[in-house]
Amino acid sequence: MAGTVRRGGQIAWAGLKLGVAVLRLFRRSFFLLPAYVSTTLVGLGTTFVKLGQGLSLRWDLLPAPYREALSRLHSDVPAFPADQARRIVEQAFGAPVDELFASFDDKPLAAASVAQIHAARMHDGRDVVVKITRPGIHAQVQADLRLLRRTVRVAQWLWPPLKRHRPLELVDELGAFLRDEIDMRHEAQNMRRMAKVLDPLPAITQPHVVEPYATRDVLVQDRSHGTRLEAAYGTAAAPALASGLLDAYVHQLFGAGVFHADPHPGNLFFFDDGRLCLHDFGSIGVLDPASRLALGGMVEAIAADDAEAVLDTAIALGFFPPQVERRAHVREIHLILAEMASRPLAQWSIAEAIWRVARIGQGEGFRLPAHLLALIRTLFLVENTLRALDPDLDLLGTLSARAADIMA
């Protein structure tokens, strides 16, 4: 009980200091606020670091400097002892570590705020990694989320205008994100689902779950020995890698309707044979057939400079209600497309065009459904990576040339 009260006081005090900093820095040093917010969350520990990372996905709530600062959040935490790691593995699978693996490295490859990773080898000779959640993390997260909800309720009572931003809904949404992040079964489920999508593609692959070794606290998966994609930037291999990445995402978004939703460079590797490898399956996105058709139609309409068709597909995707005031929206879309057309082809951004269309006429309480946010964020990340690999890539022209195949 004393620990709960102490932790609650820590959260409330951090919130109060952050509020004072916002008032103090808002006019004089506004650019310092994102870093201050990040520092505050790191000081509150694992739960708040992961909540901050989840909040960085909310393109509809935060300006770019905050999203960028929060997406880089990490807490420097020491590895937990090898005997604890072994005990968690043995409890998860009901057998001694030395029976489960031919070898198990007690020194972790990496230690993060949620889990640490150990190299191991299966008895059949396969190299694997064992991802083990930190001891006590589930209880800590549950307690922190309860305290955070109480703190938000008090903040709403002290400052009623806060209610119009629906902060409790946001806390619940971020809480659900965090519970998935710390449950290895969720990542294993995503990996299995994505394997069905990626395995048929010759130019891209992923690690697979080593069945049946996936529980809430431990996940065993293939070990990948690829090189981070950033090492290919500016090399002769980069354009071919860009082409392979584009093909992979056309297939995921328009063919399968299931896509890896966090393709930042740290999650992309490549092999010497030119294949790409996707990592980290904590987040995937899903598009039903109607949404895939609408998305393909929107790309085609943007390429054709057809504002009416862009609006129709935006309604089909759920950006606007069917009864939207068409004339005003079409006029705004014309302006967006005209501004885009003034740029060099290599600077066209389909993701930016879709995002700007989605925001037309939206008020202060603008919230996009989570699946559409995942889609837009994924499009931005893929575009950025494609341009880093091939700065001269005419993305819109390339997709326009394939429009018939995509729509089919």
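Odds and ends about this structure:
- Only helices enter the 222 nm calculation for the chain: every DSSP H run of n ≥ 4 contributes -39,500 (n - 2.57), and dividing by all residues gives -17000 deg cm²/dmol, rounded to 500.
- Packing-based order for 92-98, 193-199, using average beta carbon neighbours within 10 Å, highest first: 193-199, 92-98
- Remark: the ASN384-HIS225 segment gains 54.8 nm on full extension, using 0.36 nm per residue and subtracting the alpha carbon distance.
- Trypsin sites (Lys or Arg not before Pro) within region 253-352, DSSP loop, no more than 16 other Cβ atoms inside 10 Å: ARG275
- Largest first, the extents of the alpha carbon coordinates of region 162-296 on the three principal axes equal 53, 39, 29 Å.
- Label zone at ASP83, where the point sits 7 Å out along the Cα-to-Cβ direction: region 121-137 residues whose backbone N lies under 19 Å: 134-136
- Of the two radii for region 80-192, the radius of gyration is 1.15 times the Kirkwood radius, both from the alpha carbons; that is the Rg over Rh value.
- Per-residue HN-Hα couplings for region 91-98 [Karplus 6.51, -1.76, 1.60; θ = phi - 60°; Hz; x = Gly/Pro]: 5, 5, 10, x, 7, x, 4, 5
- Hydrodynamic radius (Kirkwood) for region 244-308, which is based on Cα pairs only, to one decimal in Å: 13.3 Å
- Among (i) 1.02; (ii) 1.12; (iii) 1.06, the entry derived from the coordinates for Cα Rg over 2.2 N^0.38 Å: (iii)
- Accessible area in the full protein assembly, largest first, 1.4 Å probe, for HIS371, HIS186, HIS118: HIS371, HIS186, HIS118
- The alpha carbons of region 66-123 stretch over 47, 18, 17 Å along the principal axes, in descending order.
- Cα-based Rg of region 255-408 normalised by 2.2 N^0.38 Å, two decimals: 1.07
- Cα→Cβ-extended label distance, 7 Å offset, between ARG164 and ARG179, nm: 3.1 nm
- Accessible surface of THR215 - all protein chains present, 1.4 Å probe, nearest 10 Å²: 30 Å²
- Taken over region 174-242, the ratio of Cα radius of gyration to 2.2 N^0.38 Å equals 1.39.
The values are calculated or read from the model by the stated rules, or taken from the named source; none is laboratory data. None of the values given here were measured: they were computed from a predicted structure. So basically every Cβ, Gly included, is an ideal-geometry build from the backbone, and we count neighbours across all protein chains shown. Heads up: the accessible areas ignore ligands, DNA and RNA and are worked out on the full protein's heavy atoms, side chains in. Shrake-Rupley method; radii C 1.70, N 1.55, O 1.52, S 1.80 Å.
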